[in-house]
Amino acid sequence: DALFETVQVFDPQGRLLYYFGSGGVKPGQFQLPSGISIDDRNIIYIADSMNHRVQVFRYRRLSE
């Protein structure tokens, strides 16, 4: 969500499960996030436009 500088995660029915991130320049913060990709190892790549970087996260279930 570029407006709120967050990444939102939804279930298949479209319900918001959780979100992460905030505005800023530190790791886990974004300025105009504009793209996302998830590979087959559940690595999440977020294009952080105004910070001129790609941030990398790993998806983990709460039970892991």
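Tabulated results
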| read-out | value |
| --- | --- |
| The chain, accessible area per residue, ligands and nucleic acids excluded (1.4 Å, Å²) | 76 |
| Neighbourhood net charge (15 Å Cβ-Cβ; Lys/Arg +1, Asp/Glu -1) for GLY35 | -3 |
| Accessible carbon and sulfur surface of the stretch 1-50 relative to its total accessible area, %, 1.4 Å | 59 |
| Radius of gyration and maximum dimension Dmax of the chain, Cα, Å | 11.9, 34 |
| Qualifying trypsin sites (Lys or Arg not before Pro) for the chain [loop in DSSP, other Cβ within 10 Å: at most 16] | ARG15, ARG41, ARG60, ARG61 |
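The values are calculated or read from the model by the stated rules, or taken from the named source; none is laboratory data. Here the structure is a predicted model, which means the values were calculated and not measured. Counting neighbours? That spans all protein chains shown, and the Cβs are built from the backbone with ideal geometry, glycine included. Ligands, DNA and RNA are stripped out before the accessible areas are found, and what is left, the full protein with its side chains, is counted by its heavy atoms. Shrake-Rupley method; radii C 1.70, N 1.55, O 1.52, S 1.80 Å.
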